[in-house]
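Report on the following structure.
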Amino acid sequence: MSKRYDNLNLWAKYTGDHSGYCLEFVHEGPLFDTARDVMYEDSLKMDVNNPDHTNGFWFFCKRPEWSNEEEVRLVLPRGKGSKVKIDPRWLKRLILGKSVSEQNEKVIRAWARQRAPDLAVVKARYDRVEQTGKLGP
């Protein structure tokens, strides 16, 4: 996950060049109990004999060239299984990419109207003056 919905590099790389969508979650509930910022470092110093290094901190490390992602990761504690049930109230809104197909946009908006509680759907656009992502209806 990223901290920002308007990271243009992520839209280009992970959403099929702005044709996908982004799920925005509220930052509450047990889903985020294990959320940690990714650390961007050149090398990982891990001592397998050091008990402090057996906590899985290395799940949250990535090389510096990825730092523009501003990533947050969720890693379940040992023994908690491999799936997380997401309460619908944790999903705040859906952000459609600026190049999402008309057909996919219709399907996603129809899906969101069926949801309780209501789910906001907005569409990203590119502001050429500010050279940043903006949101609209």
Assess whether Tyr14 counts as being at pLDDT below 85, within 18 Å of the chain's Cα centre (by Cα) and open to solvent by 90 Å² or more (accessible area, probe 1.4 Å). yes
Picked from the stretch 97-137 (must be acidic (Asp, Glu) and open to solvent by 50 Å² or more (accessible area, probe 1.4 Å)), the residue farthest from Phe25 (Cα to Cα) is Glu130
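I need a count of the residues in the stretch 45-64 that are part of a loop (DSSP other than H, G, I, E, B) and open to solvent by 80 Å² or more (accessible area, probe 1.4 Å). Spell out the reasoning first.
Initially, the stretch 45-64 is screened for residues part of a loop (DSSP other than H, G, I, E, B), giving 45-50, 55-56, 63.
Restricting the remaining residues to those that are open to solvent by 80 Å² or more (accessible area, probe 1.4 Å) gives 45-46, 48-49, 55, 63.
Residues in the stretch 45-64 being part of a loop (DSSP other than H, G, I, E, B) and open to solvent by 80 Å² or more (accessible area, probe 1.4 Å): 6 in total.
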Which numbered condition Lys123 fails, given (1) over 29 Å from Phe60 (Cβ atoms); (2) over 17 Å from the mean Cα position of the chain (by Cα); (3) charged (D, E, K, R): (2)
Of Ser99, Ser82, Ser67, which residue is at negative phi and part of a helix (DSSP H, G or I)? Ser67
Could you please let me know if Leu76 is assigned to a loop (DSSP other than H, G, I, E, B) and either touching a helix residue (DSSP H, G or I) at 6+ places or on another chain (Cβ under 9 Å) or among the hydrophobic types (A, V, I, L, M, F, W, C) (or both)? yes
Please work out which one of (1) over 14 Å from Met1 (Cβ atoms); (2) touching a strand residue (DSSP E or B) at 6+ places or on another chain (Cβ under 9 Å) is the condition Asp47 fails and give its number. (2)
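If you scan the stretch 17-36, which residues turn out to be at positive phi and either in contact with a strand residue (DSSP E or B) (Cβ under 6 Å, 6 or more places away or on another chain) or surrounded by 16 or more Cβ atoms within 10 Å (Cβ to Cβ) (or both)? Can you show your working first?
Of all residues in the stretch 17-36, those at positive phi come to 17-18, 29.
Selection gives His18 alone.
The values are calculated or read from the model by the stated rules, or taken from the named source; none is laboratory data. On a predicted model such as this, the values are computed, not experimentally measured, just so you know. Quick reminder, even Gly has a Cβ in these numbers, built from the backbone with ideal geometry, and neighbours come from all protein chains shown. Calculation scope for accessible area: heavy atoms of the full protein, side chains included, ligands and nucleic acids excluded. Shrake-Rupley method; radii C 1.70, N 1.55, O 1.52, S 1.80 Å.
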